[in-house]
Amino acid sequence: MKATRENPILYIVIPCYNEQEVLPITSKLFLKKITDLVAAGKISDDSRVLFVNDGSSDATRDRLVALRKRDARVCFLSLSTNCGHQNALLAGMLYAKDYADCAITIDADLQQDVNAMDEFLRCYAKGVDIVFGVRRSRDTDGLLKRVTAQAFYGLMHAMGANVIRNHADYRLLSKRVLLALDQYTEVNVFLRGLIRSLGFVSCEVPFDVSERYAGQSKYSPAKMMRLAMDGITSFSVRPLRIISITGFICVFFCLCFIIYDLVVFLQGEAITGWTSMMISMWLIGGMLMISLGCVGEYVGKIYMEAKRRPRY
Ligand code: UDP
Ligand code: MG
């Protein structure tokens, strides 16, 4: 790494999954950003825009090939199948670590304000290793997205996963951080939590969010659920603890029931509590199932980690 942080080689890492509509404008904008930053003497002219094609089924890959031919500052990786946003990001960052002094990850859809990069770089120059982009408001999101996003952060906090509210994957990482990240070999990656847990000097920079430039959100509700599940299970064992606590509460209620039944029996009254029997049966059955599912989630993770499959 350079002794000073002046004039770093910057790689802008952009995951793309079926982004053929936005690519022409995205590439133009990021290349212009690089040109401007180089002209202002803020980054080296070896800086690059690095696209990661996450196994797109549309013309994304062809567009990237064409872009690369037109401008050598465009590089791209192409994953053979859809590995998910987090893995695509990781692939890009781990590639960048060999060439760049710092990398900024950003979405392809231009929702995040590109001009916040100036501030990111100012922080980097001052010695900050991780700069988190934090969105100012969620006005541009639809109601569903806003509600699910709030639920997501609420759930993450309740379950003990350490994430920054309203920070998605728009951030700057120094080479040191990229190298540290490379030492994590886990398969189940949740970068927002993982990067936070690395330590290093960090700061937050607010930025504005606009509408998606073109195309549809690539995060289906199912993918969002997956992300939340990954986030919780890869960073916290609180769900397991909640199961045990629920178990204790169940047993306590059971004891109360037994005592009550005994009293009723000794008083010689006929037991007519068929309904309550059924309810408690269902309740306990249901809770057992949920608990088992939760345990299964962890066992599944252990299984996946034990396999040591490549992540991308
Ligand atoms: N993305 C990806 N793989 C996926 C899903 C999404 O690489 O399986 C990329 C996508 O191309 C975009 C970024 O992740 O650059 C964020 O996705 P999107 O904008 O659709 O999510 P949203 O902003 O709606 O949360
Ligand atoms: Mg988006």
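Tabulated data
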| quantity | calculated |
| --- | --- |
| When residues of region 97-134 are limited to those that are among the small types (G, A, S) and either within 16 Å of ligand 2 (Cβ to nearest atom) or farther than 15 Å from R171 by Cβ (or both), the one surrounded by the fewest Cβ atoms within 10 Å (Cβ to Cβ) | G127 |
| Among residues of region 67-93, those that are assigned to a helix (DSSP H, G or I) and under 16 Å from the mean Cα position of the chain (by Cα), counted | 9 |
| Failed item, numbered, when V251 is tested on (1) touching a residue at least 60 places away in the same chain (Cβ under 8 Å); (2) in a helix (DSSP H, G or I) | (1) |
| Test set (1) more than 16 Å from ligand 1 (Cβ to nearest atom); (2) under 19 Å from the mean Cα position of the chain (by Cα); (3) on the phi > 0 side of the Ramachandran plot - E186 fails condition number | (3) |
| Test: residue in region 41-63 that is charged (D, E, K, R), within 16 Å of ligand 2 (Cβ to nearest atom) and either part of a helix (DSSP H, G or I) or in contact (Cβ under 8 Å) with a residue 12 or more places away in the chain (or both) | yes |
| Residue selected from region 205-243 under the condition among the aromatic types (F, W, Y) and within 16 Å of ligand 1 (Cβ to nearest atom), by the criterion surrounded by the fewest Cβ atoms within 10 Å (Cβ to Cβ) | Y219 |
| Some residue of region 35-42 being surrounded by 15 or more Cβ atoms within 10 Å (Cβ to Cβ), within 20 Å of K126 (Cα to Cα) and of a type outside the set (D, E, K, R) | yes |
| Checking T246 against (1) within 16 Å of ligand 2 (Cβ to nearest atom); (2) surrounded by 12 or more Cβ atoms within 10 Å (Cβ to Cβ); (3) not hydrophobic (A, V, I, L, M, F, W, C), the condition it does not meet | (1) |
| Among the residues listed as V177, V163, V201, V147, the single one being buried (at least 17 other Cβ atoms within 10 Å of the Cβ) and either out of contact with any helix residue (DSSP H, G or I) (no Cβ under 8 Å at 6 or more places or on another chain) or at pLDDT 85 or above (or both) | V177 |
| Pairs with Cβ under 8 Å, 6+ apart, first in region 74-91 and in contact (Cβ under 8 Å) with a residue 60 or more places away in the chain and under 19 Å from M225 (Cα atoms), second part of a helix (DSSP H, G or I) and not charged (D, E, K, R) | C83/A91; H85/L227; Q86/L191; Q86/L227; L89/L191 |
| Among (1) loosely packed, with under 14 Cβ neighbours inside 10 Å; (2) farther than 17 Å from C102 by Cβ - the single one Y153 does not satisfy | (1) |
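The values are calculated or read from the model by the stated rules, or taken from the named source; none is laboratory data. Keep in mind that what you see is a predicted model, and the values were worked out from it rather than measured. No Cβ is skipped: glycine too gets one built from the backbone with ideal geometry, and neighbour counts run over all protein chains shown.
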